[in-house]
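Comments concern the structure below.
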Amino acid sequence: MNQKLSIPCPECNTELSIPSAGYLGKTVVCPQCQNTFLLKEPATEELPVSDAIASAAAAANPPPAPAAFPFAMNTVGEDRVPRAFQQASPARPRGNRNWLLIGTGSTVMVLIILLLVALLPEPVSTTELDYMPDNTEIFVRVRLKEVLESDLGSSILESVPSLQQMLDQIIKQGISPRDIQSIAYGISSFSTVLDNREAASPMNMDFTVLLRLTRPVNTDNLAKIFEAQNRGMRKPIKTTLKQNIFYVSHPYENNHPPVALYVINNRTLLFGAEQSVRRAVRQDGKSRASGGFHFLDSSYPVLVGFVPRNMNTFDKAITQFNSDQAGAFNKAVASARGTLTGLAMGIQVGNGFDVSSTATFTGRGAAKTFITEIESGFATMKQEISRLGNVATGPQALATRILSTILRDVQTLSKGKTAEVRFSIPRTTVDLALTGVGVLGIPGFGNLLGKDDAVATNENLEDEMTKLILEGVTEESLSGIKSMFDDPEYVLMDYLDRWLTDNIGAAVTINASIDKEEAIVEIAGIDDVEMLGKKIDFAEVLEVNKRRNMVTARWHAPDQK
């Protein structure tokens, strides 16, 4: 009796039911995607979901040791290799001394190439999109351990409790965040969701999450972790795929795809839609998406990229921007219409943020035009911020100071079809922003997670501020201070922010005014006003009023002690 076979379409992974093995070797058309392909006998190690329950007894035995193949693989797909190089290599002729000469010349050439590679900047990693869907549109990769161990990463966790709570949830599942080397996430069909939310179906969406750990994971707990993270799904079924542990969990309703967890090795886990995980494993992790995301700079620990399958997605977004929303960058946004193909952002976390925003276009001319317009936009924005700084108060003054710092060192670059904008956010500005999230009620992580204390915080804002009254502040006394600002108030605040960072910690100036040689400075983040008075070395302290949370002092120029 002939046994039915289930063979997946290599393009969309739809399972085709074949009556018998006699059909192997014939060409068929997939009813789902119309792809034409040759029927081949499926690999014996890939167990279809329909056979998973029947294989439960076999799966109950201790699974084979995970395959020890390396995670970092070449992601250049076969479709990107010239056809001539896909043919078998010619047989080596015998007794021909030319081969010796060719071999010697090749060795010299290899040495030259290696020398050039060593001298050139590090190229974009070809492994960033390993195990991501071929049709990935959004890609996110975070080297979590590196970020958390940075000075700024620890500071952010302390300043944003809701973020720490999110990490605590991961810890409860048996994995410490600092044991996570990196997380990579790829998802398809995002442009479809943007174009028409109702037409988008989860069943047609591919996504995978690749988790790389610093130490081996206890595979016995994987089923519990997998089940806890997928509430609303049926109990996961344990089986094997390419001789490695493979869990599949089906939804109670058929309008969502089954999800899967695959153990690549004891330090690398792959999670995602079952069809996405199976396809990634079948392709040995190689993803065709790497070609579209070629402009990513893998040197950044935080990396985000967006490359829609349809360029019209960008054009529709550009159309929705009016001149008021685009502001100073209206011409830059308009110039990208019909030419923008991808966006990316890289963030380096240290004692501040180094940010790179990259856009890729259809041609060199479009990239150069965009850079020209973006530079003009930054120049206009600097002028607007400078004018606003003279009149801004409260939260507006805070936002103005943050933007002024960011705009100070903006760098632009056009290279080939890509345009790049780089800027840095120093530690003092980050502390200022974090204070704004917690003190001024600026929307932050807490708001996104449903915990917003902004209203109550704003009502008590005046009570939390510390006032520093400085007498004898003149433009001449401020002239020796190095600052990016010209306005005396901002020069003074810039100096005090650096002093607060070095001597107090997470405290920042919020506002300042100078009238008749008297400066009134409002400071957020001071817990002990008496300690502030004792540490002040830039002025002669005249009075410390603990009840009014105020310090009065006579100002000395920084070089006059």
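Taking V304 as meeting all but one of (1) assigned to a strand (DSSP E or B); (2) on the phi > 0 side of the Ramachandran plot, write down the number of the exception.
The single condition V304 does not satisfy is (2).
Quick one: how many residues across the range 524-545 are of a type in the set (A, V, I, L, M, F, W, C), in a helix (DSSP H, G or I) and surrounded by 15 or more Cβ atoms within 10 Å (Cβ to Cβ)?
Final tally of qualifying residues: 2.
Where residues in the range 227-241 are modelled with pLDDT under 80 and in contact with a strand residue (DSSP E or B) (Cβ under 9 Å, 6 or more places away or on another chain), which of them is farthest from D284 (Cα to Cα)? First the steps, then the outcome.
To start, the set of residues in the range 227-241 that are modelled with pLDDT under 80 comprises 227-233.
Filter once more, so that each one left must be in contact with a strand residue (DSSP E or B) (Cβ under 9 Å, 6 or more places away or on another chain): 227, 229-230, 232-233.
Values: E227: 26, Q229: 26, N230: 26, G232: 30, M233: 27 Å.
Once the filter is applied, the top-ranked residue is G232.
Listed residues F378, F370; which is touching a strand residue (DSSP E or B) at 6+ places or on another chain (Cβ under 7 Å), assigned by TED's automatic domain parsing to the domain that holds R427 and either free of Cβ contacts under 8 Å to residues at least 60 places away in the same chain or under 28 Å from D502 (Cβ atoms) (or both)?
After applying the criteria, what remains is F370.
List pairs: first residue in the range 330-352 and more than 27 Å from G505 (Cα to Cα), second residue among the acidic types (D, E) anywhere in the structure, Cβ distance under 6 angstrom, at least six positions apart or on different chains.
Partner pairs satisfying both residue conditions: K331/E373; A332/E373; S335/E373; R337/D315; G346/D297.
Looking at the range 546-561, which of its residues are of a type outside the set (A, V, I, L, M, F, W, C), surrounded by 14 or more Cβ atoms within 10 Å (Cβ to Cβ) and farther than 15 Å from W499 by Cβ?
The answer is N549, T552.
Applying the selection to the range 245-272, what residues are surrounded by 21 or more Cβ atoms within 10 Å (Cβ to Cβ) and over 21 Å from the mean Cα position of the chain (by Cα)?
I245, F246, Y247, V248, V259, A260, L261, Y262, V263, I264
Could you list all residues from the range 242-253 that are under 19 Å from R278 (Cα atoms) and modelled with pLDDT under 85?
Let us first name the residues in the range 242-253 that are under 19 Å from R278 (Cα atoms), namely 242-251.
Residue satisfying the conditions is P251 alone.
Residues that are at pLDDT below 65: find the helices (runs of 4 or more DSSP H) completely inside the range 450-496 holding 2 or more of those.
454-459, 461-464
For (1) in contact with a Leu (Cβ under 9 Å, 6 or more places away or on another chain); (2) modelled with pLDDT of 90 or more; (3) farther than 30 Å from V209 by Cα, each residue gets a yes or a no:
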residue	(1), (2), (3)
Q283	no, yes, no
L303	yes, yes, no
F314	yes, no, no
N322	no, no, yes
T372	no, yes, yes
M381	yes, no, yes
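Based on this model, can you work out whether V281 counts as farther than 24 Å from M345 by Cβ and among the hydrophobic types (A, V, I, L, M, F, W, C)? Explain how you work it out, then say what you get.
Numbers: farther than 24 Å from M345 by Cβ: yes; among the hydrophobic types (A, V, I, L, M, F, W, C): yes.
Against the criterion (farther than 24 Å from M345 by Cβ and among the hydrophobic types (A, V, I, L, M, F, W, C)), V281 qualifies.
Quick check on my filter: what residues within the range 504-530 are under 17 Å from A553 (Cα atoms) and either in contact (Cβ under 8 Å) with a residue 24 or more places away in the chain or touching a Cys at 6+ places or on another chain (Cβ under 6 Å) (or both)?
S513, I514, E517, E518, A519, I520, V521, E522, I523, I526, V529
The values are calculated or read from the model by the stated rules, or taken from the named source; none is laboratory data. Remember, it's a predicted structure, so these values are computed and weren't measured experimentally. No Cβ is skipped: glycine too gets one built from the backbone with ideal geometry, and neighbour counts run over all protein chains shown.
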